[in-house]
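This report concerns only the one structure given below.
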Amino acid sequence: MRCAGRILLAAAIVGSFAAAPLWAADTLKIAVGQREIWHGAPAALGERAGIFRKHDVDLELLFTSGSGETMQATIAGSVDIGVAAGTLGVMGAYAKGAPIRIIGAESTGEDSYWYVRADSPVKSMSDMKGRTMAYSTNGSSTHANALALVALNQVDAKLVATGGFPATFTMVMSGQIDAGWSAPPYAMDALRKGEIRVIARSGELPLVKGHTIRGIIANKASLDGKPDVYRRFMRAYRQTVDWMYASDDAPKIYAEFAKISIEDARRVREEFDPKEMVIPDRVSGLSDLVPDAVKFKFLSQPLTASQLEDLVQIPK
């Protein structure tokens, strides 16, 4: 009887181990600026496709209205990683001692644009003197690009932080602001219907072409504390980008995620956001961006070569 009891106890112990997982995936908290944009969506789409889970990483996703909010959450340690953080803003925060590092490129090149209502007297940036022009949040790529467009066209426009696209679109259509910012898939339907007109594109700017204008950033304490988790995260991120451009399922998952048509999802991938734009290991032209960061007062003085090297820490 005593022997039988020992057998039952041993069986119960073995059963409890069999019922419990032998390992658990590591969790990373991610803040992503502007939820529906394709080039900012690898984390969300890869999570839905199960790619990060294959690398033993679970993601907790938070969506912000711009990279200013994304950076603040990363700096504070509320999240581990920020996606789509404006590079000039990141440089400025780093120079002030913020504990953030760039661990990958989110966007090299740009597809954003500025638009007005169809009945607006504004035809181009040269007509924006004394008018209001939107950007998302302070320190964002739209902030840097709006400043650059104003400088390039030598026009005195008043820049206004309007947050995400829905709020910006409402402000433009209700006449609260003259020119709003957007990027695919936002406003594609309004463009098709002729409700709005494009007056400027960020791709026209020298600081955008061939330069990494948005990055993937990490809280330094988190990055230093779990390097293997970050290596697995970046492996999964790279694999997700490959899948996004090779799989017929990716536009379907993206269309459901962004609440757009499958036709618009395919168009964004094929016409607006080429794969070369979102390769995470291609952090390009940061030294070229330093003078602009100083010019537009993101930096009080240029970053040195050693500072730029310290700023960029891509997990291999």
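The values are calculated or read from the model by the stated rules, or taken from the named source; none is laboratory data. The structure displayed is predicted, hence computed values, not measured ones. Neighbour counts are summed over all protein chains in view; Cβ atoms, including those assigned to glycine, are modelled from backbone coordinates with ideal geometry. We work out accessible area using only protein heavy atoms, side chains counted, and drop any ligands, DNA or RNA first. Shrake-Rupley method; radii C 1.70, N 1.55, O 1.52, S 1.80 Å.
For LEU45, indicate whether it is under 23 Å from the mean Cα position of the chain (by Cα), over 22 Å from SER261 (Cα atoms) and either in a helix (DSSP H, G or I) or at pLDDT 95 or above (or both). Spell out how you get there, then give the answer.
Working: under 23 Å from the mean Cα position of the chain (by Cα): yes; over 22 Å from SER261 (Cα atoms): no; either in a helix (DSSP H, G or I) or at pLDDT 95 or above (or both): yes.
Considered against the rule, which asks whether it is under 23 Å from the mean Cα position of the chain (by Cα), over 22 Å from SER261 (Cα atoms) and either in a helix (DSSP H, G or I) or at pLDDT 95 or above (or both), LEU45 comes out as no.
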Inset, instruction - Would you check if LEU223 is in contact (Cβ under 8 Å) with a residue 60 or more places away in the chain and in contact with a Phe, Trp or Tyr (Cβ under 7 Å, 6 or more places away or on another chain)? - result: yes
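Within the stretch 298-313, identify whether any single residue is in a helix (DSSP H, G or I), crowded, with 19+ Cβ neighbours inside 10 Å and at negative phi, and answer yes or no.
There is at least one residue in the stretch 298-313 that is in a helix (DSSP H, G or I), crowded, with 19+ Cβ neighbours inside 10 Å and at negative phi.
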Inset, instruction - Can you tell me which residue among GLY92, GLY109 is surrounded by fewer than 24 Cβ atoms within 10 Å (Cβ to Cβ) and at positive phi? - result: GLY109
Inset, instruction - Quickly run through the stretch 234-287 and pick out the residues that are in a loop (DSSP other than H, G, I, E, B) and not polar (S, T, N, Q). - result: ASP248, LYS259, ILE260, ASP273, PRO274, ILE279, PRO280, ASP281, ARG282, VAL283, GLY285
Inset, instruction - Give the residues of the stretch 205-239 that are open to solvent by 20 Å² or more (accessible area, probe 1.4 Å), farther than 28 Å from VAL290 by Cβ and either touching an Asp or Glu at 6+ places or on another chain (Cβ under 7 Å) or not acidic (Asp, Glu) (or both), sorted by residue number. - result: GLY225, LYS226, ARG231, ARG232, ARG235, GLN239
Legend entry - Pair list, Cβ under 9 Å, 6 or more apart: the stretch 93-108 residue free of Cβ contacts under 8 Å to residues at least 40 places away in the same chain, other residue open to solvent by 20 Å² or more (accessible area, probe 1.4 Å) and among the hydrophobic types (A, V, I, L, M, F, W, C): ALA98/ILE75
Legend entry - Qualifying positions in the stretch 164-204 - among the charged types (D, E, K, R), farther than 17 Å from SER141 by Cβ and surrounded by fewer than 19 Cβ atoms within 10 Å (Cβ to Cβ): ASP189, ARG192, LYS193, GLU195, ARG197
Inset, instruction - Of the numbered conditions (1) over 21 Å from ASN219 (Cα atoms); (2) open to solvent by 10 Å² or more (accessible area, probe 1.4 Å); (3) modelled with pLDDT under 95, ASN138 fails exactly one; give the number of that condition. - result: (1)
Inset, instruction - Assess whether SER261 counts as being more than 30 Å from ASP26 (Cα to Cα) and either open to solvent by 70 Å² or more (accessible area, probe 1.4 Å) or within 19 Å of the chain's Cα centre (by Cα) (or both). - result: no
Inset, instruction - Mind counting the residues in the stretch 278-297 that are surrounded by fewer than 20 Cβ atoms within 10 Å (Cβ to Cβ) and among the aliphatic types (A, V, I, L, M)? - result: 2
Legend entry - Leading residue by the ranking (nearest to GLU106 (Cα to Cα)) among those in the stretch 240-258 that are open to solvent by less than 10 Å² (accessible area, probe 1.4 Å) and not aliphatic (A, V, I, L, M): THR240
Legend entry - Within the stretch 97-151, tally of residues that are of a type outside the set (Gly, Ala, Ser), in a strand (DSSP E or B) and under 21 Å from TYR186 (Cα atoms): 10
Inset, instruction - Would you point out which residue out of LYS220, LYS295 is among the basic types (Lys, Arg) and out of contact with any Lys or Arg (no Cβ under 7 Å at 6 or more places or on another chain)? - result: LYS295
